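Notes to accompany the following structure.
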Amino acid sequence: MAKFCPKCGTQVEDTQTFCPSCGAQLNGATNTISNGPVNPEAKSKMAAGLLGLFLGAWGVHNFYLGNTSRGVIQIVVTILTCGFGGLWGFIEGIMILAGSINTDANGVPLQD
């Protein structure tokens, strides 16, 4: 009998404890979502978004999500444009909070 993730509907194996698609924790045979953390490796969506809003000019949110190269590029762009490049990080912060950016650099879904 096939089992499916109750959060995203992806088919999962009986032995899986986390959904490979959305990262939801699966409990036992019923595959219900637990009230605990979704994935111990998942980064916080709220933290990443707020870092983007307030420190996005320096790429802090990208360093937090593991996108080191993008973070360094944001620092350089901000310096070369006398701060106007900081708008890029601010917009990414909004995109993270809105759900347009929903994974970290390793593809792990962000935790709400």
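The values are calculated or read from the model by the stated rules, or taken from the named source; none is laboratory data. Here the structure is a predicted model, which is why all the values come from computation and not from measurement. For neighbour counting, all protein chains shown are included, and Cβ atoms are generated from backbone atoms with ideal geometry for every residue, glycine included. To get the accessible areas, we keep the full protein, side chains included, count just its heavy atoms, and leave off ligands, DNA and RNA. Shrake-Rupley method; radii C 1.70, N 1.55, O 1.52, S 1.80 Å.
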**OP:** Write out, first by first residue and then by second, each pair whose Cβ atoms fall under 8 Å of each other, whose residues are 6+ apart or on separate chains, and whose first residue, in region 72-86, is in contact (Cβ under 8 Å) with a residue 12 or more places away in the chain and under 18 Å from L51 (Cβ atoms) while the second is of a type in the set (V, I, T) and open to solvent by 40 Å² or more (accessible area, probe 1.4 Å).
**Re:** G85/V77; G85/I79
Original post:
Somewhere in region 46-63, is a residue in contact (Cβ under 8 Å) with a residue 12 or more places away in the chain, open to solvent by 40 Å² or more (accessible area, probe 1.4 Å) and among the small types (G, A, S)?
Top reply: no
Original post:
Quick check: is even one residue across region 100-109 at pLDDT below 95 and charged (D, E, K, R)?
Top reply: yes
Original post:
Between residues in region 98-111 that are touching a residue at least 60 places away in the same chain (Cβ under 8 Å) and farther than 13 Å from N67 by Cβ and residues that are among the hydroxyl-bearing types (S, T, Y) and open to solvent by less than 50 Å² (accessible area, probe 1.4 Å), which pairs lie under 7 Å by C-beta distance while being six or more apart or on different chains?
Top reply: Q111/S44
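If you go through region 84-94, how many residues are in contact with a Gly (Cβ under 6 Å, 6 or more places away or on another chain) and either farther than 15 Å from I73 by Cα or open to solvent by 30 Å² or more (accessible area, probe 1.4 Å) (or both)? Outline the logic, then answer.
Looking only at region 84-94, we keep the residues that are in contact with a Gly (Cβ under 6 Å, 6 or more places away or on another chain), and these are 89-90, 92-93.
Right, trim to either farther than 15 Å from I73 by Cα or open to solvent by 30 Å² or more (accessible area, probe 1.4 Å) (or both) and you get 90, 93.
Qualifying residue count, region 84-94: 2.
Tally up the residues in region 95-104 that are open to solvent by 50 Å² or more (accessible area, probe 1.4 Å) and of a type in the set (A, V, I, L, M), please.
Narrowing region 95-104 to residues open to solvent by 50 Å² or more (accessible area, probe 1.4 Å): 95, 97-98, 100, 102-103.
From what's left, of a type in the set (A, V, I, L, M): 95, 97-98.
Of the residues in that region, 3 qualify.
Looking only at region 65-80, decide whether some residue is assigned to a loop (DSSP other than H, G, I, E, B) and among the charged types (D, E, K, R).
No - not one qualifying residue is present in region 65-80.
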**OP:** May I ask you to list pairs of residues, at least six apart or on different chains, whose Cβ atoms are under 8 Å apart, with the first in region 1-20 being closer than 18 Å to Q111 by Cβ and the second being of a type in the set (K, R) and open to solvent by 60 Å² or more (accessible area, probe 1.4 Å)?
**Re:** C19/K7
Original post:
Could you count how many residues in region 7-59 are part of a loop (DSSP other than H, G, I, E, B), more than 12 Å from the chain's Cα centre (by Cα), at pLDDT below 95 and not aliphatic (A, V, I, L, M)?
Top reply: 20
